[in-house]
1. Restricting attention to region 209-237, and to residues there that are touching a helix residue (DSSP H, G or I) at 6+ places or on another chain (Cβ under 7 Å), in a helix (DSSP H, G or I) and without any contact (Cβ under 8 Å) to a residue 60 or more places away in the chain, which single residue is surrounded by the most Cβ atoms within 10 Å (Cβ to Cβ)?
2. Of all the helices (runs of 4 or more DSSP H) wholly in region 25-121, which have at least 2 residues that are over 24 Å from residue 143 (Cβ atoms), at pLDDT below 85 and over 15 Å from the mean Cα position of the chain (by Cα)?
3. Select, from 151, 124, the only residue that is surrounded by fewer than 21 Cβ atoms within 10 Å (Cβ to Cβ), part of a helix (DSSP H, G or I), modelled with pLDDT of 90 or more and in contact with a helix residue (DSSP H, G or I) (Cβ under 8 Å, 6 or more places away or on another chain).
4. Can you tell me how many residues within region 135-144 are exposed (fewer than 12 other Cβ atoms within 10 Å of the Cβ) and closer than 11 Å to residue 227 by Cα?
5. Can we say residue 221 is under 21 Å from residue 76 (Cα atoms) and within 18 Å of the chain's Cα centre (by Cα)?
6. Of these, 175, 205, 139, which one is out of contact with any helix residue (DSSP H, G or I) (no Cβ under 9 Å at 6 or more places or on another chain) and at positive phi?
């Protein structure tokens, strides 16, 4: 009698990290299938940069004595990384029941959100590179060299990551794609009530007061320091603190929304 071969079954690795990688991997694999969500995130900031430099570079140089090509590049990169997330895909999962099916599996709850955010971090850092390359084509040079450009991309990516807390909180709270789409409106006051087009010392009145308390002001200052003033630890620390403080707010909202979504499941 011939003995049957023994088939060894290896169970899927269990644990927080395995769940995190699994959720993030699925989200990353979905990105190429949704070019409509990615291509505008590159094209719009690129066009925004070209148009603003073409229209305002000479005027700004004469009025404020700044290199507008370098001054505007951080804003355009931040434009590329802000509001880009898998929140719309999460709404689709909620509406078609996939999210609820995940909740009846042993997967941990926190990776359901953090895994998507990991995928977002990869995406937004990738999106910042073409806009950065456009600035280099226009003649922008980094006094901190290649290392400064890496820090520039990472810092921009961290901002893009913490901003995703807003659309995710809306997605988990409402399960409504229109509500998630409208979250991008929050980008405009945060971005343009700051040093978007002129240095802080050129602002006046209530605009200067708002910019002082806007975390974007310090993020842009940190990014601009990498281009112009070399390694400036104070500016970079202020940028990291501003991103972290904003992240505490947005991530708290997202985690509370996740808790509300799963507590009755």
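The values are calculated or read from the model by the stated rules, or taken from the named source; none is laboratory data. Just so it is clear, the structure is predicted and the values come from calculations on it, not from any experiment. So basically every Cβ, Gly included, is an ideal-geometry build from the backbone, and we count neighbours across all protein chains shown.
1. 218
2. Correct list: 39-64.
3. Matching residue, one of 151, 124: 151.
4. Adding up the residues that qualify gives 0.
5. In short, yes.
6. When all the criteria are applied, what remains is 205.
Residue-by-condition table, conditions (1) outside any helix (DSSP H, G or I); (2) under 19 Å from the mean Cα position of the chain (by Cα):
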| position | (1), (2) |
| --- | --- |
| 160 | no, yes |
| 168 | no, yes |
| 172 | no, yes |
| 184 | no, yes |
| 190 | no, yes |
| 194 | yes, yes |
| 198 | yes, no |
| 207 | no, no |
